[in-house]
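My questions will all concern the structure given below.
The values are calculated or read from the model by the stated rules, or taken from the named source; none is laboratory data. None of these values were measured; they are calculated from a predicted model. No Cβ is skipped: glycine too gets one built from the backbone with ideal geometry, and neighbour counts run over all protein chains shown.
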Amino acid sequence: MLALGYFTFRDLLHDRWRSLLTILSLAVVVVGYLLLASLAQAMVILSRQAKVTNNLLILAADTIDPMDSSIDEGVLQIAREIAPSQIQQAFPILFRHLTIDGKLMQVRSVALEEMSNSVALTLVQGDWPDSPRQVVVSEGAAELASWKIGSTVNIYGTDFQVAGLVRAEESAFGSVWMTYKEGLRLFGSSHGFQVGYLSLVPSADPESVRARLLADPRISAAYSVYLEHAFTNSYNQSNSNLLILSGLMVLISLLVVTFGVYNATILSLSERGLEIGLLHVIGFTLNKLRRFLLARTLVLTLIAYSLGWLISLVFINHQRLLDSVDLIFLALKLTPLSSLIGLGLAVIFAFLGVWLASRRLVAQNPLTGND
Amino acid sequence: MELTVRLAWEACLTTGTGLSKLIEANGLGKIYKRGNEEIIALRDGHLSVSQGEFIVIVGPSGGGKSTLLHLLGGIDRPTQGELHVNGVDLVSATDAALTRFRRDNIGFVFQFYNLLPSLNALDNVILPLLARGLPWKTSRQLGSSMLDQVGLAHRQKHTPGQLSGGEQQRVAIARAMVLEPCMILADEPTGDLDSSSSKSIISLMLDLNQRLGVTFIVATHNLDLLKVAGRAYQLVDGSLNIMSAR
């Protein structure tokens, strides 16, 4: 063991520039893997299915993005008239896409009492707003913009204080929630509101209520009615191409680390064919040679993986390019699982490279060249 | 110093096997195939070598000298004939047995020294000892002693890049000798050296041969070696013929 460590150290030190290049090339492969893996993992959020609720949404007909919807206040009254015993609450939501602190966000305005009672939000930290100049923000938005409880957020020239963090389980959006009155003050009412939210009594069947609403020409002529979770899912479905891309990226990232490390190992060992042949000729068995080569490769791989991991960490913590894709917040993270999988694959395929290369290289011998 | 390896070259003689010769080769042949073409590198070679001899093989490039050394050293296998070295049948031995055979019986010296550039002289010399599984401390003691015997006690910590060609070849000879092998196979050991270094290496090999009784088989173009050889062979177009014997 002493000899193994000594010779590995001497060898790497003597061959420092080639070792460094090997480490750098392996580190590039590792960075490629970790970034692809974390991006793919972040995109999995798009496949999250919305929680099934008992609520209905009314939007302008044929709109898929709430931003494009404009609804007249009277439609909520019509809905109440059609199903008075089934509808518990009917209230408007103002919906905007805005850039806040340089980040794309969804801003939703809803009556304060509905924010905590009706809308599918879960308070995870802090409190619900108790004044017009307070907002709650989704966890993703807080992470994206580095907001904390008490942070000041400037929206349309008005400062708001973050009162709480909420989990909006039905969506993957980075969102900010403010009171309806404050939303009206900021955005005005010329475009009406964007979403009519109908909270049904627990005993109501949302499908039949929806059918009754759509049977009324006052609604069906200009509006669409959705089950809340179905609408969220359909919005997420519009990003299904990203899901396929995500799956492909997982596959590519695994191949990158697998073949990248294998090729780098084979290349590194091929350059040392004569030395390996010499050691074999003077009596090192294939197993002893492999032990030395494995130790050398393991040291290189571990250094390269650590370096690649650190580079990826720095990049992910400082990157801005992937903050959001089509308003969907993608939080890149280096998870222990993907890091361990990458490390495991790197070590396994580095060892495989050594195993295969050593078989071929011992066939060479240093006497070759003379007659 | 307590040596845990073989204590004397006399032990190479295969005690109890009834064999008196270190090498017995009969009808030795080697044919390489290159596509459909057959290349005869060695044909019907006969060689009998006793312990302690100094054999020189001369011949033109491509005549088969290296091929013969490959066969005698267990690096390659003959395609014809019989070959026993120190009692080991090199025709039928497995790959693992050949590796052990090389480690325990043969020291190799090459034209271009083939020292590992990352290691200093002492580290290069102890490689065969480590391959044999000797402890680190013992290996370094034996390696140091061997470097002393080839006149390089003061150059132990120098890497090959810091040594002259002659010094590198001395280190290579020390590496070949350190396990006290039965036989040293040297392929053009003076081929890359100037005249002075060449003479020095020849003197060293002769000294080791005469003082310690180790067998040398040297393939060379250097005619100076013919003058000191116990027996000399010529190898031309794969045919091995005796030139001179003392």
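Restricting attention to region A:249-265, does a residue exist that is in a helix (DSSP H, G or I), out of contact with any helix residue (DSSP H, G or I) (no Cβ under 8 Å at 6 or more places or on another chain), surrounded by fewer than 20 Cβ atoms within 10 Å (Cβ to Cβ) and away from chain B (no Cβ under 14 Å)?
Yes, region A:249-265 contains at least one residue that is in a helix (DSSP H, G or I), out of contact with any helix residue (DSSP H, G or I) (no Cβ under 8 Å at 6 or more places or on another chain), surrounded by fewer than 20 Cβ atoms within 10 Å (Cβ to Cβ) and away from chain B (no Cβ under 14 Å).
Additional query: Can you name the number of the only condition in (1) within 14 Å of another protein chain (Cβ to nearest Cβ); (2) surrounded by fewer than 17 Cβ atoms within 10 Å (Cβ to Cβ) that B:ASN222 fails?
Going through the list (1) within 14 Å of another protein chain (Cβ to nearest Cβ); (2) surrounded by fewer than 17 Cβ atoms within 10 Å (Cβ to Cβ), B:ASN222 breaks only (2).
Filter region B:97-110 down to residues that are more than 22 Å from B:SER164 (Cα to Cα) and more than 7 Å from every other protein chain (Cβ to nearest Cβ), then give me how many there are.
The total comes to 7.
Could you check region B:139-166 and list, in sequence order, the residues that are more than 9 Å from chain A (Cβ to nearest Cβ) and either in contact with a His (Cβ under 8 Å, 6 or more places away or on another chain) or small (Gly, Ala, Ser) (or both)?
Once the filter is applied, which keeps residues that are more than 9 Å from chain A (Cβ to nearest Cβ) and either in contact with a His (Cβ under 8 Å, 6 or more places away or on another chain) or small (Gly, Ala, Ser) (or both), region B:139-166 yields B:GLY143, B:SER144, B:SER145, B:GLY151, B:ALA153, B:GLY161, B:SER164, B:GLY165, B:GLY166.
Does region B:68-82 contain at least one residue that is within 18 Å of the chain's Cα centre (by Cα), within 9 Å of another protein chain (Cβ to nearest Cβ) and assigned to a strand (DSSP E or B)?
no
Could you please give the count of residues in region A:283-298 that are in a helix (DSSP H, G or I), facing chain B (nearest Cβ under 8 Å) and farther than 11 Å from A:TRP355 by Cα?
The number of residues fulfilling the criteria is 1.
Count, please, the residues in region B:117-128 that happen to be modelled with pLDDT of 90 or more and out of contact with any Lys or Arg (no Cβ under 8 Å at 6 or more places or on another chain).
0
Of the residues A:LEU198, A:LEU186, A:LEU165, A:LEU213, which is buried (at least 18 other Cβ atoms within 10 Å of the Cβ), in contact with a Leu (Cβ under 8 Å, 6 or more places away or on another chain) and outside any strand (DSSP E or B)?
After ruling out the rest, the residue left standing is A:LEU213.
Just give me the residues in region A:201-210 being in a loop (DSSP other than H, G, I, E, B) and surrounded by 13 or more Cβ atoms within 10 Å (Cβ to Cβ), in sequence order.
A:VAL201, A:ALA204
For the subset of region B:111-138 comprising residues that are farther than 24 Å from B:ALA219 by Cβ and part of a loop (DSSP other than H, G, I, E, B), which member is nearest to the other protein chains (Cβ to nearest Cβ)?
B:SER118
Please give the helices (runs of 4 or more DSSP H) falling wholly within region B:139-241 in which 3 or more residues are more than 19 Å from B:GLY107 (Cα to Cα) and of a type in the set (A, V, I, L, M).
The qualifying helices (runs of 4 or more DSSP H) are B:223-228.
Within region B:118-171, how many residues are surrounded by fewer than 18 Cβ atoms within 10 Å (Cβ to Cβ), farther than 27 Å from A:ARG291 by Cα and of a type outside the set (D, E, K, R)?
The qualifying residues number 7.
Oh, and also: For region B:47-67, what are the residues that are more than 14 Å from chain A (Cβ to nearest Cβ) and of a type in the set (D, E, K, R)?
Answer for region B:47-67, where residues must be more than 14 Å from chain A (Cβ to nearest Cβ) and of a type in the set (D, E, K, R): just B:GLU53.
Here's a follow-up. Quick check on B:VAL214: is it surrounded by 24 or more Cβ atoms within 10 Å (Cβ to Cβ) and more than 12 Å from every other protein chain (Cβ to nearest Cβ)?
no
So, one more: Looking only at region A:19-46, which residues are away from every other protein chain (no Cβ under 11 Å), closer than 21 Å to A:LEU293 by Cα and in contact (Cβ under 8 Å) with a residue 24 or more places away in the chain?
Correct list: A:THR22, A:ILE23, A:LEU24, A:SER25, A:LEU26, A:ALA27, A:VAL29, A:VAL30.
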